[in-house]
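Comments concern the structure below.
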Amino acid sequence: MLQYLDFDYNEDGHGHGTFEAMASVPAARLTVLQAEIAQVLDWAHATFPHQRAPLEEGGEWDYLLQGQQEWTVPETLGYDEVTRRFSSQPGSAGPPRHTVTLVLSGSEQFCAAFRLKFDL
């Protein structure tokens, strides 16, 4: 079962569906998230081999994978009621978080098989 990827589903008027998931983890959990993404993509490649291509070009399924690193800097805020102004003092940056977005699009057949496989 998927631990990090929680897919939202949309369908167009042609019966094509799109599953989109975003996950954000600290560096220590990145390899676990990557393993989960590999599980999904390995299934798609094995179940629909040689059928990955844009749907408008006749493909059965396709995907987009994007990532980014984000750093958080805590901020101490103050408010002066006389001047009615805020003050801010930034702290030290924390460790980065890795945010990954996986979007899978597919035919009606692909989407049905994907839902069944990953219990969506």
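We did not get these values from a lab; they are worked out from the coordinates using the rules stated. Computed from a predicted model, the values in this text were never measured in an experiment. A quick note on method: Cβ atoms are made from the backbone with ideal geometry, for glycine too, and the neighbour counts reach across all protein chains shown.
Normalised by the number of residues in the chain, what is the relative contact order in percent for Cα pairs under 8 Å and 6+ residues apart?
Relative contact order for the chain comes out at 33 percent.
What angle, in degrees between 0 and 90 and rounded to the nearest 10, separates the Cα long axis of helix 108-117 from the longest principal axis of the Cα atoms of the chain?
70
Go through segment 78-94 residue by residue and turn each phi into a ³J(HN,Hα) via Karplus (6.51, -1.76, 1.60, θ = phi - 60°); whole Hz please, and just put x for glycine and proline.
Using θ = phi - 60°, the values come out as x, 9, 9, 5, 6, 8, 6, 10, 9, 10, 9, 10, x, x, 8, 5, x Hz.
Relative to the longest principal Cα axis of the chain, at what angle does helix 30-47 sit, 0 to 90 degrees, rounded to 10?
Approximately 20 degrees, to the nearest ten.
For the chain, modelled as a GNM with alpha-carbon contacts under 10 angstrom, which of 36, 75, 20 fluctuates the most?
In this elastic network of the chain, the residue with the biggest mean-square fluctuation among 36, 75, 20 is 75.
Share of antiparallel DSSP beta bridges in the chain, in percent to the nearest 5?
Roughly 95 percent of the DSSP beta bridges within the chain come out antiparallel.
Please build a GNM for the chain, connecting alpha carbons under 10 Å apart, and tell me which residue among 87, 105, 24 fluctuates the most.
87
Choose one answer from 109, 39, 89: the residue with the largest mean-square fluctuation in a GNM of the chain with alpha-carbon springs under 10 Å.
89
Candidates [x] 12, 34, 22, 13, 10, 7, 1; [y] 12, 41, 30, 14, 3, 0; [z] 13, 44, 34, 8, 0; which is the computed P(r) over Cα pairs in 10 Å bins from 0, in percent?
Here the calculated entry is [x].
Could you work out the local net charge near residue 11, counting Lys and Arg as +1, Asp and Glu as -1, over the other residues with Cβ closer than 14 Å to its Cβ?
Values: positive: 115; negative: 8, 12, 20, 108.
Charge balance in the 14 Å sphere: -3.
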